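Here the structure comes first, spelled out in structure tokens, and everything after it is commentary.
Please treat every number below as a calculation from the coordinates, not as lab data. The structure displayed is predicted, hence computed values, not measured ones. Cβ atoms come from the backbone with ideal geometry, glycine included; neighbour counts cover every protein chain shown.
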Amino acid sequence: MSSAGNSHKNALKISVVVMASFGVIFWIFPQYLIQIFQADLRVVSIGTDLLLIAGFIQIFDALAMTASGSLNGIGDTTFTMYTTILGAWVILVPMAYLLGVVLNFGVQGVWFASLMEISVISIILHFRFASPKWENKKVVS
């Protein structure tokens, strides 16, 4: 395995463990975390739902950010930029509108759209890192 591959693998282990740990905290103590900032029961109820979704987002965010950072570090910045832009405009915006407004899931629907976006981006970026396509990239100095 290349030096970049080893670095990516080590960073991935650390980021997934850290972010999954926060995800578990979000799943176990959502209402308590919200109550630190707000006592209003309606806010606590909505915030609890959102933290449960955010718990899943943590894992995929760790995967996406690690792959993005690894690809950027080896010079494959254009691919990560286009993937992020397309994820936002092709997945996040339409799905947020569909789930949040059209299907009337509100803010929870918007957060599910965010979960969908970061999940797809993490998969795409990891497939890119696993492919040999980035190996021909030259870092501009």
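Along each principal axis, taking the top coordinate minus the bottom one, the Cα set of the chain gives 54, 32, 23 Å in descending order. Neighbours of residue 16 by Cβ distance under 13 Å: Lys/Arg scored +1, Asp/Glu scored -1, total +1. Listed by number, the DSSP H helices of the chain that run 18 Å or longer by alpha-carbon position along their axis and have mean Kyte hydropathy of at least -1.0 are 3-28, 41-73, 106-130.
Within the shell of other residues whose beta carbon sits under 14 angstrom from the beta carbon of residue 110, the net charge comes to -2, with Lys and Arg scored +1 and Asp and Glu -1. Could you compute the net charge surrounding residue 99? Neighbours are other residues with a C-beta less than 14 Å from the C-beta of residue 99; K and R count +1, D and E count -1. For residues surrounding residue 99, the net value is -2.
The charge dipole of the chain, taken about its Cα centre with unit charges on the Cβ atoms of Lys, Arg (+1), Asp and Glu (-1) only, comes to about 420 debye.
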